Amino acid sequence: MSENTNYENLINIGRPPNISRLFPHSRALLVSGKVIDQAMVAKGKAMTIAANGRNSFVIRGALQAAQRADAVLLVEIARSEATYCPVNFYNIALYVDSICNELGITIPVAIHADHYGIKKEGDIPFAKMEIPSMFEAGITSIAVDASHMEDDKNLLANIELNGCIPTWAGLETEVGEIKGNQGLSTVDDASFLIKGLNAHGIFADWIALNNGSSHGLEASGQGIQVELTSEIHNAIKSYGVSGAQHGTSGNNSDKLRSITGHTMTTKANVATALQMVSWGVEVNDYGNALLDENGRFIKVQGQGMSAEMWDRMTQYADEKGLKGGDYKKLNLPFEIYLCAQDKKIRDRMVQGVEDFVYNMLTNVFNAEGTASLAKEAILKAGSYDLGAKGHQIEDAVDWTREKIIERAKTLDVDKGPDGDFDD
């Protein structure tokens, strides 16, 4: 069978119903998050980037890098990011589909709603309305993040909202609050969440832990705790759950290679570093933006946006009192100005992201070749729905609402102080 015929089959059978309905004439292979995860599992000791598409340049560069590496990719946005970025839950699929068609991107790409936050039980009724609308707008994978609540409420929220999520979609769950080196996740609370979901026939593709990761610009303590992550992953191995690594900033390539090689992590969120690279700000091997002696970001000459645009952006930031991590709030007001620059400037913004992501995919994450594996899996299944990796082990009788509440009281957990849940 020719490559063109195979791709026609992939377009016909590999795209979920919402994508086929939204983009009936598209040549972009937008797929379920399950496809991405299972391709990484098939390769083994591999993970791919979930690129937070804070601006169009990040999305373009990440897609080009993944195409070049023959790697699967997730493009994601968090609810919080929609308040300061031009990209949100309702247009991210439009961005990705149009760019894929323009650039001839043929690798499988999932559209992930990151950190769909449930911070209190009162958030659940709105979530029941909003989540279906997000899938109607092209989301193919979601992270239900109720980790800010107590363990029993986290589990119960995940169970209650699961009926709003298509069974074919990628599913991520979170435990322990993602906030740095305090209040780390434990085997106890991670197992509680996964076992409770399993009892109700819910098989998450990923679990995100508080394993020392930190969002944003700052390194946190020792960074990602590889041994803790491995211990937790091994404890829940029989439930078929992969790891999702948040907060890769603050961890160098060796630490990330260790996560790839010694845990069951298949998805690594990268947000701030990609934003900074697209702008032409210097970042180190830890993914952290470097500062000069005056505590200001270092703009690399000849990279990213023009010098004139950088001056305009930093002046605006000064006027608004924006410093450090708050520079993320410049994405929304400056997207139209960045897109208005000369093509050679726009191209180098994209190229910077492409080079950064390509290096991560091929030299750090071992993701090369996973796009071909994903395509093979879709063709073998003859469907956009690859099914779950896990199967039911727990008995629902042991995980009623009442028993969940009682079990949670016995857990060995340390929530630690309140954290920063932003990306």
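What the table shows:
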read-out: Cut-off under 5 Å, modelled amide H: who pairs with V283 long-range; value: L290
read-out: Spatially proximal lysines relative to K120 (Cα-Cα < 25 Å; intrachain offsets below 8 disregarded); value: K128, K153, K179, K195, K403, K409, K415
read-out: GNM top mover of N91, N154, N55 - the chain, alpha-carbon springs below 10 Å; value: N91
read-out: Residue-by-residue Karplus 3J(HN,Hα) for segment 308-319, coefficients 6.51, -1.76, 1.60, Hz, glycine and proline x; value: 5, 5, 5, 4, 5, 5, 5, 5, 4, 4, 4, 5
read-out: Vicinal HN-Hα couplings computed from phi for segment 116-123 (Karplus, 6.51 cos²θ - 1.76 cosθ + 1.60; Hz; Gly/Pro x); value: 6, x, 10, 9, 7, 4, x, 7
read-out: Relative contact order %, the chain, counting alpha carbon pairs below 8 Å whose residues are six or more apart; value: 24
read-out: Built amide H within the under 5 Å cut-off of V31, gap 5+; value: V109, A110, I111
read-out: Relative packing of peptides 267-273, 101-107 - highest average C-beta neighbours within 10 Å first; value: 267-273, 101-107
read-out: Taking D385, D205, D311, D188 and counting other C-beta atoms within 10 Å, the order from fewest to most; value: D311, D188, D385, D205
read-out: Among Q64, G117, T410 - extreme Cα towards positive end, dipole of the chain, charges at beta-carbon; value: Q64
read-out: Positive-end residue, segment 279-352 charge dipole about Cα centroid, Cβ charges, pick of L291, V350, G324; value: V350
read-out: Phi-based couplings in Hz for segment 200-210 (Karplus 6.51, -1.76, 1.60; Gly and Pro marked x); value: 9, x, 10, 10, 5, 7, 9, 10, 9, 10, 8
read-out: Exposure proxy ranking, count of Cβ atoms within 10 Å, fewest first, for K255, K409, K323; value: K409, K323, K255
read-out: Length released on extending from D326 to N294, taking residue separation times 0.36 nm less the Cα-Cα span; value: 9.8 nm
read-out: Anchor K320: lysines whose Cα lies under 17 Å away (excluding residues fewer than 8 positions away in-chain); value: K328, K329
read-out: Ranked C164, C339, C85, criterion: other C-beta atoms within 10 Å, fewest first; value: C339, C164, C85
read-out: At q = 0.19, 0.23 Å⁻¹, base-10 log of I(q)/I(0) for segment 256-355 (Debye sum, equal scatterers on each alpha carbon); value: -0.95, -1.29
read-out: Efficiency of FRET from Cβ geometry, E376 and T83, R₀ 35 Å, rounded to 0.05; value: 0.30
read-out: Size of electric dipole in segment 43-98: Cβ of Lys, Arg +1 and of Asp, Glu -1, about Cα centre, debye, nearest 20; value: 180
read-out: Debye, to nearest 20: dipole size of the chain, +1 on Lys, Arg Cβ, -1 on Asp, Glu Cβ; value: 920
read-out: Protection proxy ranking of 8-14, 226-232 - average other beta-carbon atoms within 10 Å, highest first; value: 226-232, 8-14
read-out: Nonlocal amide H pairs with T265, under 5 Å, H built at 1.01 Å; value: G243
read-out: Equivalent ellipsoid, segment 3-118 (semi-axes from 5 times Cα gyration tensor eigenvalues, Å); value: 22, 17, 14
read-out: Cα-based reach from K45 at 16 Å (exclusive), listing lysines while leaving out same-chain residues under 8 positions away; value: K237, K255, K267
read-out: Mean-position separation - Cα centroids, segment 232-295 and segment 97-155, in angstrom; value: 20
read-out: Å³ per residue enclosed by the Cα convex hull of the chain; value: 132
read-out: Value of D in µm² per second that Stokes-Einstein yields for segment 306-400, Kirkwood Rh from Cα pairs, at 37 °C (0.692 mPa s); value: 178
read-out: For the chain, share of DSSP beta bridges that run antiparallel, in % to the nearest 5; value: 10
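Readers should treat all values here as calculations from the given coordinates under stated rules, not as data from a laboratory. The structure presented is a predicted model; accordingly, all values stated were derived computationally and were not measured. All Cβ positions, even for glycine, are placed from backbone atoms using ideal geometry, and neighbour counts span all protein chains on display.
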